Structure formats: C-alpha cells, structure tokens
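Asker: Supplied in structure tokens, the structure appears directly below.
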Amino acid sequence: LKQNKTREIVVIGAGPGGYAAAFRAADLGKKVTLIDKEQELGGVCLNRGCIPSKALLHISKTILDTQRLSKMGVHFNKPEINIDQVRNHKNKIVTKLNRGISQMAKARGVEVLCGEASFLSNQELLVKRESEKINIQFEQCIIATGSHSTFLPNTPENDNNILTSKSALELENIPNTLLVVGGGIIGLELGQVYATLGSQVTVVEFLPNLIAAADTDIVKPLQDQLEKQFENIYLSSKVVAVKKKNNKLSVSIETNKKSFVQVFDKALIAIGRKPNTETLNINNTDVLIEENGFIPVNEYQQTSVDNIYAIGDIVGNPMLAHKATHQGKVAAEVCAGVASAFDVEAIPSVVYTDPEVAWVGLTENDAKEKNIKYEKGEFPWVASGRATVVGSTYGKTKILFSPENNKVLGVGIVGVGAGDIISEAVLAIEMGVDAEDLSLTVHPHPTLGETMGLAGEVFTNTI
C-alpha cells in the first residue's frame, strides 16, 4: 500500500529533542507529524540511555550507601540481587515515562507514525512502515535522529558477549568478569552498576585520564572510589584485538608498559557515538553533511536548506539530551515564525556515578590549552558540615573566575548531588554572575549547595 500526505511540520526522531520540538510546534498552532522507527517514544535517552541507566545507578548507589553506613554503626546483610526484579523495576520506569510522552502527544494533537523516514527531495519524505509506504510532502522538517554506539574494530560482530550501552542496560545477566572499553561517562556509569551488582570490572582507556573532558582534580575522587571497586583501570592503553574462545572473550590489551592477553566473560564497548544520518538519504536533498556524518546548522537550527532543520546529537557535540531539548524548541519556534535562536553560554555535563562529577563552562584543561587567563576559588567539602554528615568529605567545588571582572567562567564539582548543584553554576554563567554576587547570595545551611557560595567567598577572601 502507498499513501500520499501533505504536512506542515514533520519531525524525524522522537527522542528528547524530537518530541520537545513536536510539542512546542503543536503548542504554537502547527499541525505536526512525529516519526520514529520505534513504537516507544522517547528515543535512546528514555528507552536505552539516560533513564534506565539512572534507575540502575540509583540501585547501585543505595547498595554503596548501605556499605558506608556500617562505619556509622548501622549494619546490613550482604544484598541479594534478584536480577529479574531489578530488570522489571527498570522497565516499569521506562514504560511509565513512555506512556506519559504518548499521552502528551495525543493531548496536543501530534500525529505519531512508526516507521523509517528517508528524504526524496527538499520537500518530500518516504516513510516505510510494516504494511505500507507513505510519501509525505512537508513545508518544514526537523531532523532529530540522534546517534548510535561506535563499534570497536577487530571485535566479533553480532556476538552476545560484546555489549553496547543498549544491550548492557537490558541486564540479561551479571557476568563474573566484564571488560569496559572506554573510560568516559557511559563506560564508568555502567561499569559501576555491574561492579556493584557483582561483576569484576576492568576498564581500558586510551587517554591518560578518565573522563578526559573534565579536570583531573575533579575526577580524582571518583577514580579513587572506582579503583577500590574495579579490578583494574588501565590508562593510556588500548584493546588491540578481541577473539571468541570457549564462549569467553580473549582480549589483547596494550599499555604503555606491556602487552598481555586477558579473558573476560563479556566486554562493554563505550568508545563514543556516531550520528544517525546513514539511512536518511540526505544526498537526495541539498543539505550539507560533514564527513563524520554531522549536519552543520546555524543558530536557528537551520541546515543549508532553509526549510530543513537539525537538532541534538546529529549536529555535533556535546551529545546531551538537555542540549537536544533546547535546540528542538528553538527549531519549532523558528518554524512557527517566533523569534528564537540557540544562543547559550554554557551546557553542563554530569557523570551520575558515586560520587557524581559535574562541570560547566571553562575547565582548567581548556583554559591552559587555549591560553585563557583565569583565577579560581575552591571550597573543599572536608570543611562542609553537610558533606561530613553524609560522608562526602572527599568532594570539592571549584569555580574559575575572569581576572578582568571576576565573572564566573566555569565550575567543576565532585561529590554527592554534584549533578543537582551544577544548575546554580549554569545560571551563574548565563546571567554573568561575579564572585561577589555568589558570596553575597544567602544559601541555606547546612547544604551541599552552599559550597557554591563558599567557593565564591574563598575567592573574595570573605570566608
């Protein structure tokens, strides 16, 4: 069967950016069609990323908290892990949030199509569904197709022993030994989940530091914790080859000191992500696309074709859901004739491990690399009453200031709740807050959030 339709706005991809764009456009009075190849809305973030991983990380943190309580006189038996119940708990959360997005789409009158969309021209799409093909003539189109895991060369393909972030979150079983290739956010989050649930975890990272985008002093307390939890962390190292042997993986690892072979039950590949642009047939349009698959856009999220927009992971780093959401709203508003642009000063990053790591704006690494002058104020959490109470004295709040006007340039935080505290830092950078503003703001006491103000006081010498 083949149908022909005409639509005002078509959004391809129903992840955080896609559904945000569809909902905003509908709220502005546009007739919107939202297309996704999956039945469940929410994209990777909701179904196979941010949300299920945080559900498992919450369980992991609770287990680690019970271990720490033994030092405070409260003792628990070793937890019994029912992996089926854990998986069901995670799936229930995802299903509940899926349902919420579907209800919001219905309430706004957004047409949802399950199928694979590809371009026929600058104004036409082909949507392949199970039982039919639909040609859609559109006035405007927003591409929000996201990204997928990068595969490691020299590894067996389609092998159940090789995990991606997607299959790792399905939690089929807990392997005795797990290799994590990649010491970035995804690798460390999932590595900690599996370690807490009983796996012996080894991490291999190509760069000299874990989470290379963050400053090493902010990452160090996390690395100290993971070195206790994990079997090994190999930095400045690489996996040369992976071979299947007796239903296990024989892995050749090269460090700067030696080469060796180690056997693992499973391996999680977390070495980055690639944009999902291959199946879109973009060559049927005049949209420019970079060699790496990213689509360049202007501040209105427009591609080189005025009526085709792109948002989220496919426009480049940082590949973060909250960036996609904001870009989606901008694209929708521009489509609807509302004056709008993606003009943000800072986008925060959070690692939801235990402890959490968060940063936004300028890092010391960036400043030194780009020869940007800065001064800093640091507040060690060992001096925080709340951090002492919750056992997070290893934490730290670090703020970089401009030497010219004392404005906040960047913030790095490590410790309990760092991902929540960082929001104040984002607002500070967006609003051009300076050190005096921070130090004169009355923060509630005793909280971990007050370390933002205290770091400002350290800088202004008013503490």
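All of the numbers you see were taken from the coordinates with simple rules; none came from a lab. As the structure is a computational prediction, the values presented were derived from the model and not from experiment. Cβ sites come from the backbone with ideal geometry, for glycine too, and all protein chains shown count toward neighbours.
Asker: I want the antiparallel fraction of DSSP beta bridges within the range 146-256, as a percent rounded to 5.
Answerer: On the way: 7 of 15 bridges.
In the range 146-256, approximately 45 percent of DSSP beta bridges are antiparallel ones.
Asker: Follow-up. If each residue of separation counts as 0.36 nm, what is the full-extension length gain between Thr6 and Asn246 once their alpha-carbon separation is subtracted? Mind dumping the intermediate values first?
Answerer: Values: separation 240, 0.36 × 240 = 86.40 nm, distance 5.56 nm.
80.8 nm is the gain from fully extending Thr6 to Asn246.
Asker: Let me ask something additional. So if I take the centroid of the Cα atoms in the range 382-461 and the same for the range 251-299, what is the distance between those two points in Å?
Answerer: Answer, in whole Å: 35.
Asker: Let me ask another. Using 1/(1 + (r/R0)^6) with R0 = 41 angstrom and r between the beta carbons of Phe76 and Asn154, what's the FRET efficiency to the nearest 0.05?
Answerer: Once the sixth-power term is evaluated, E becomes 0.40.
Asker: Assuming 0.36 nm per residue, please report the length gained on full extension of the stretch Leu69 to Glu290 beyond their Cα-Cα distance. Provide the component values of the computation, followed by the final result.
Answerer: Working: separation 221, 0.36 × 221 = 79.56 nm, distance 5.18 nm.
Computed gain between Leu69 and Glu290 is 74.4 nm.
Asker: Could you pull the Cα extents of the range 162-271 along its three principal axes, largest to smallest, in whole Å?
Answerer: For the range 162-271, the Cα extents along the three principal axes come out at 42, 31, 23 Å.
Asker: If you don't mind, there's one more thing I want to ask. For the range 268-285, what does the Karplus curve 6.51 cos²θ - 1.76 cosθ + 1.60, with θ = phi - 60°, yield as ³J(HN,Hα) per residue in whole Hz, taken in order and with x for Gly and Pro?
Answerer: 9, 9, 9, 10, x, 9, 10, x, 8, 10, 4, 8, 7, 6, 5, 5, 7, 10
Asker: Just for the chain, what percent of DSSP beta bridges are antiparallel, to the closest 5?
Answerer: Close to 60 percent.
Asker: If the range 303-390 were replaced by its equivalent ellipsoid, with semi-axes equal to the square roots of 5 times the Cα gyration tensor eigenvalues, what would those be, largest first, whole Å? Could you put the intermediate results ahead of the total?
Answerer: Values: eigenvalues 249, 63, 30 Å².
Semi-axes, largest first: 35, 18, 12 Å.
Asker: If you build the Cα gyration tensor of the range 1-77 and take the root of 5 times each eigenvalue, what three semi-axes come out, in whole angstrom, biggest first?
Answerer: Working: eigenvalues 411, 37, 8 Å².
They are 45, 14, 6 Å, listed largest first.
Asker: Taking the alpha-carbon set of the range 349-460, what are its Rg and Dmax in Å?
Answerer: So, for the range 349-460, Rg and Dmax equal 13.0, 39 Å respectively.
Asker: Give me, ordered by chain and number, the residues 5 or more places off Arg7 or on other chains with an amide H under 5 Å from its own placed amide H.
Answerer: Sorted by chain and number, the residues that satisfy this are Gln137, Phe138, Glu139.
Asker: Now for a separate question. What order, most packed first, do the peptides 345-357, 112-124, 175-187 have when packing is the mean number of other Cβ atoms within 10 Å of each residue? Present the calculation step by step, with values, prior to reporting the outcome.
Answerer: On the way: 345-357: 20.9, 112-124: 16.9, 175-187: 23.2.
The densest-packed peptide leads the list: 175-187, 345-357, 112-124.
Asker: I would also like to ask the following. How big is the gap, in Å, between the Cα center of the range 347-368 and the Cα center of the range 155-200?
Answerer: 24
Asker: If one puts a single equal scatterer on every Cα of the chain and applies the Debye formula without solvent, what log₁₀ I(q)/I(0) results at q = 0.09, 0.10, 0.12, 0.14 Å⁻¹?
Answerer: Log10 I(q)/I(0), no solvent term: -0.68, -0.84, -1.16, -1.40.
Asker: Mind sorting Met72, Met452, Met104, Met319 by how few other Cβ atoms lie within 10 Å of their own Cβ, fewest first?
Answerer: Details: Met72 8, Met452 25, Met104 15, Met319 18.
Listed from fewest to most nearby Cβ atoms, that is Met72, Met104, Met319, Met452.
Asker: Quick one: order Lys128, Lys54 by neighbouring beta-carbon count within 10 Å, fewest to most.
Answerer: Working: Lys128 13, Lys54 16.
Ordered from fewest to most neighbouring Cβ atoms within 10 Å, Lys128, Lys54 come out as Lys128, Lys54.
Asker: Using unit Cβ charges (K, R positive; D, E negative) and no other charged atoms, how large, in debye to the nearest 20, is the dipole of the chain about its Cα centre? Provide the component values of the computation, followed by the final result.
Answerer: On the way: 46 positive and 53 negative charges, 324 e Å.
That gives a dipole near 1560 debye.
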